[in-house]
1. State which residue is nearest to residue 84 (Cα to Cα) when the search covers only segment 97-147 and only residues that are touching a helix residue (DSSP H, G or I) at 6+ places or on another chain (Cβ under 7 Å) and part of a loop (DSSP other than H, G, I, E, B).
2. Can you tell which of 90, 80 is in contact with a strand residue (DSSP E or B) (Cβ under 9 Å, 6 or more places away or on another chain) and of a type in the set (A, V, I, L, M)?
3. Can you find even one residue in segment 82-96 that is assigned to a strand (DSSP E or B), free of Cβ contacts under 8 Å to residues at least 40 places away in the same chain and within 26 Å of residue 69 (Cα to Cα)?
4. In segment 75-131, which residue that is under 11 Å from residue 145 (Cα atoms) and among the hydroxyl-bearing types (Ser, Thr, Tyr) is surrounded by the most Cβ atoms within 10 Å (Cβ to Cβ)?
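Quick note: the coordinates plus some simple rules give every number you see, no bench work behind them. The structure presented is a predicted model; accordingly, all values stated were derived computationally and were not measured. Note that we place each Cβ from the backbone using ideal geometry, even for glycine, and neighbour counts take in every protein chain shown.
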Amino acid sequence: MITRKQFIYSLGGLFLIGCGQGSGDDVDTPPSPSDADVVPIPGKTDASTSSDASTSTGDASTSSDASTSSCASTMSSISANHGHVASVPAADVNAGIERSYDIQGSSGHPHTITVTAAMFATLRAGSSVSLTSTSDAGHTHSVTITC
C-alpha cells in the first residue's frame, strides 16, 4: 500500500499545488520509490505482473480478480475545492453497485458524482478512480477516490 504522500506525488502534486492545501507532510522532496511502492498502471502488464485480462471502461479499468479484493476505507480529493465533500463509504465500494453522491458539503451550491460498478471494482482492486462532477454555478470538479 502506498502512503498518502506517495499518492499525492503520483498525481503530480496537483491537489497540493492547485488548492494550496496539504497534509502537513514535507512535500518538497518526493519519496524514493522501492519495489513495494510501485503502483501498477491499470491495463499495463509486464513479466512481474499477473496475466489477468483488464477491461477499459472509459473512466476506470477493472481486473477480473477485483471481486476477491475489498476496501477498508476511502479517501477523496476534489480539485478547485471550495467546501465540497465527497464521502464514499467502503461498504458501498465493497457492494459494487452504481451510486450517486451529493458532494455539496459547506459550499453554497450542489454537485453530484456517480460511481459506476466498474469504478467500484477498480477501487477494490487497489487503483484510484477519477471522475467529473455535475456542472453547477458554471463549473465542475474533478474528484479522485482511493481505497
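1. So the residue we want is 147.
2. Exactly one residue qualifies, and that residue is 80.
3. no
4. Out of the qualifying residues, it is 122.
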